1. Can you go through 74, 104 and tell me which one is surrounded by 14 or more Cβ atoms within 10 Å (Cβ to Cβ), among the polar types (S, T, N, Q) and modelled with pLDDT of 90 or more?
2. Looking only at segment 47-65, count how many residues are buried (at least 16 other Cβ atoms within 10 Å of the Cβ) and either in contact (Cβ under 8 Å) with a residue 40 or more places away in the chain or among the basic types (Lys, Arg) (or both).
3. Quick test of your reading of the structure: residue 68 fulfils all but one of (1) under 18 Å from residue 43 (Cα atoms); (2) exposed (fewer than 10 other Cβ atoms within 10 Å of the Cβ); (3) modelled with pLDDT of 90 or more. Name the failing condition by number.
Amino acid sequence: MFDMMPYAFNHSQNLLDSFADFEKNFFGEMGRSFAGFNTDIRDNGNEYVLEAELPGFNKEDINVEAKNGVLTISAKHEEKNDEKDEKSGQYIRRERRYGSFQRSFSLNGVDPKNIQGQYQDGVLKLTLPKEQPAVPETHRIEIR
């Protein structure tokens, strides 16, 4: 059976902050797992490689967008299992699962036009090439 645990309110904290932390404090570690998906980012010298774990999603369920210096990965999943008795037409089992996740990352220092991605075995892999520093152009000024 579940035990009721007191929820401590710190009076130096404002009430809105307290509500914002409610899910984290109430659900503990389990509550944090609803926040998103696991992501690893490696620096390979001239590029970053981002790997996001999205098991159970189809490639069509995943959306990756680069806009205003922010990379957003979102995934939406909908699954329905309806089993009816053929004679009576009544449900024997009816299950539904819905889920959506979204994470955003800064594209500071990344060339957003050349990002490449692939999805295989539940892992989204994005290659994020680093921006090449602009080489200042010099030109000779002719003196007359």
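1. Numbers: 104 fails: surrounded by 14 or more Cβ atoms within 10 Å (Cβ to Cβ).
Unique residue meeting the criteria: 74.
2. At the first step, the residues of segment 47-65 found to be buried (at least 16 other Cβ atoms within 10 Å of the Cβ) are 47-48, 50, 52, 54, 57, 61-62, 64.
When the remaining residues are screened for being either in contact (Cβ under 8 Å) with a residue 40 or more places away in the chain or among the basic types (Lys, Arg) (or both), the result is 47-48, 50, 52, 54, 57, 62, 64.
Total satisfying the criteria: 8.
3. Evaluating residue 68 over (1) under 18 Å from residue 43 (Cα atoms); (2) exposed (fewer than 10 other Cβ atoms within 10 Å of the Cβ); (3) modelled with pLDDT of 90 or more leaves (1) as the failure.
The values are calculated or read from the model by the stated rules, or taken from the named source; none is laboratory data. On a predicted model such as this, the values are computed, not experimentally measured, just so you know. Positions of Cβ are generated from backbone atoms using ideal geometry, with glycine treated the same way; all protein chains shown enter the neighbour counts.
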